[in-house]
Amino acid sequence: MRTKTGIANAGSAAALAKILSITPGAISQWGEDMPDGRVWQLRVLRPEWFVETAPVETVDQQDRGN
């Protein structure tokens, strides 16, 4: 997950830090991507951030009987 996406989902870097029980300073040290361990922590704490939508069925797929 991109760091900016995590911050946006939480509302702010401070809010994300609170969710993860870390300091905002720790988040400021991350690069473009969040550390893998923090992503997995968020998967447990905020699973709704990782819900994927099902692909939309197209008209062509319906015509083929799929």
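The values are calculated or read from the model by the stated rules, or taken from the named source; none is laboratory data. Model, not experiment: these values are computed from the prediction. Here the Cβ is made from the backbone with ideal geometry for all residues, glycine too, and neighbour counts use every protein chain on show.
The table for this structure:
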| read-out | value |
| --- | --- |
| Among residues of region 6-21, those that are in a loop (DSSP other than H, G, I, E, B) and within 12 Å of residue 45 (Cβ to Cβ), counted | 1 |
| Residue within region 50-63 that is assigned to a loop (DSSP other than H, G, I, E, B) and modelled with pLDDT of 95 or more present | no |
| Cβ pairs under 9 Å, 6+ apart, first in region 8-23 and over 17 Å from residue 50 (Cβ atoms), second β-branched (Val, Ile, Thr) and surrounded by 16 or more Cβ atoms within 10 Å (Cβ to Cβ) | 13/3; 13/7; 13/27; 14/27; 15/7; 17/27 |
| Selection from region 27-58 of residues that are closer than 14 Å to residue 4 by Cα and more than 10 Å from the chain's Cα centre (by Cα) | 27, 28, 29, 30, 31, 32, 33, 35, 38 |
| Residue under evaluation residue 37, criteria (1) surrounded by 10 or more Cβ atoms within 10 Å (Cβ to Cβ); (2) modelled with pLDDT of 95 or more, criterion not met | (1) |
